[in-house]
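This report refers to the structure that appears directly beneath it.
Every number in this text was worked out from the coordinates using simple rules, so none of it is lab data. Since the model is a prediction, treat every value here as computed from it, not as a measurement. Every residue, glycine as well, gets a Cβ built from its backbone with ideal geometry; the counts of neighbours run over all protein chains shown.
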Amino acid sequence: MEITNICVIGAGIMGFGIAQLGATHGYNVTLVDVNEEILKKAKSKIESNLNRFFVVKNKISQQEADNILGRISLTVNKKEAVKDVQIVIEAVFEEMTLKQQIFSELDELCDRKVILASNTSSLSITDIASKSKYQERIVGIHFFNPAPVMKLIELIKGKNTSDEILKKSKQFSESLNKTVVTVIDSPGFVTTRLIYVLCNEAVNMLMKGIASTEDIDIACKLAFNFPMGPLELSDLVGNDVYLHIGDYLSKEFGDKYQPSPRLRKMVSDSLLGRKTKKGFYNY
């Protein structure tokens, strides 16, 4: 089965980034969300990103950018969106019940040969697939933000994911010019489990007055050659997202993953980071 058409469910920052990435590499992409306004904003953001980070920097021509945009279509109708696709990538909020519902629905709508992938950064693929009938075609393809730029994809094999689906998913991921690491299903996988611990401990150090926000981030950037510090990263990803991940990991692995009280308070006060213009920093 040759993959030519992709459906992306969810037009948030990860969803539209994956749509842009797929279209950049020649795939026809249908981007789906619950209303037209979200979809229009997503496509406008893709157009802006193509111009700002690629056309202006002479990485691609304006004609190439127009061609990429032309390969992306928008719809609120999932049934129509999946009609002729070979892979569906779900990129909605990290909420197990929501993902299970979406995959159960896709399982009914899609031809048996269609690969169903989740972009989850932490939730068990086996659990996501548990409400679906054809669990062997459900796999994790974890992209990183920003999806068009970051080189890594974490490929996750659920308990029932077939070897054939895993192989095809790896080939597809590598066609996007990504380096692929394969992980056996476990909450948080490799990357989220590690980075959550770092970010959460940084919040605990801040709470205890060990160092300032800026000095914690500077120390990590210069000592470990990180492009950004853990508190900057938490603001970028969303402090609510890290809280949600922490609650999930602590439920699965115990109290050592318990979110910092400071993080919980910040989320309660809507200090979510870049998306609310305030977090550990002001934007």
Notebook entry, point to check: Under the rule of -39500 (n - 2.57) per DSSP H run of 4 or more residues, summed and divided by the residues of the chain, what mean residue ellipticity at 222 nm is obtained, to the nearest 500 deg cm²/dmol?
Noted result: -14000 deg cm²/dmol
Next item on the list: Just check the stretch 119-263 against the gyration tensor rule for me: Cα atoms, a ≥ b ≥ c as the square roots of the eigenvalues, rounded for a/c under 1.5, and otherwise prolate or oblate depending on whether a/b exceeds b/c.
Entry: oblate
Note to self: Checking the cross-link filter: which aspartates and glutamates have an alpha carbon closer than 20 Å to that of Lys43, excluding same-chain neighbours under 8 positions apart?
What the structure shows: Asp33, Glu64, Asp66, Glu80, Glu90
Next item on the list: Name the residues whose placed amide hydrogens come within less than 5 Å of the amide hydrogen of Ser73, ignoring near sequence neighbours (fewer than 5 apart) on the same chain.
Entry: Val29, Thr30, Leu31
Margin query: Name the residue from Ala117, Cys199, Val267 whose Cα lies farthest towards the positive end of the charge dipole of the chain, charges +1 on Cβ of Lys and Arg and -1 on Cβ of Asp and Glu.
Written below: Cys199
Check: Which label belongs to the value computed from this structure, given these candidates for Cα Rg over 2.2 N^0.38 Å: (1) 0.95; (2) 1.06; (3) 1.01?
Finding: (3)
Margin query: Filter Lys251/Lys278; Lys41/Lys275; Lys99/Lys131; Lys99/Lys133; Lys78/Lys151; Lys113/Lys170 down to the pairs with a C-alpha to C-alpha distance above 18 Å, please.
Written below: Lys251/Lys278; Lys78/Lys151
Next item on the list: Could you work out the local net charge near Lys221, counting Lys and Arg as +1, Asp and Glu as -1, over the other residues with Cβ closer than 13 Å to its Cβ?
Entry: -4
Item checked: Residue order, fewest to most beta carbons within 10 Å, for Met1, Met266 -> Met1, Met266
Item checked: Relative contact order (%) - criterion: Cα under 8 Å, at least six apart; region: the chain -> 13 percent
Notebook entry, point to check: Among Phe16, Phe54, Phe224, whose mean-square fluctuation peaks in a Gaussian network model of the chain (Cα, cutoff 10 Å)?
Noted result: Phe224
Note to self: I need the per residue convex hull volume for the stretch 1-86, using only the alpha carbons, in cubic angstrom as a whole number.
What the structure shows: 79 Å³
Check: In sequence order, what are the phi-derived ³J(HN,Hα) couplings for the stretch 163-168 according to the Karplus relation 6.51 cos²θ - 1.76 cosθ + 1.60 with θ = phi - 60°, rounded to whole Hz, with x for glycine and proline?
Finding: 4, 5, 5, 4, 4, 5
Notebook entry, point to check: Give or take rounding to whole Å, what are the principal axis extents of the alpha carbon atoms in the stretch 195-275, in descending order?
Noted result: 33, 26, 23
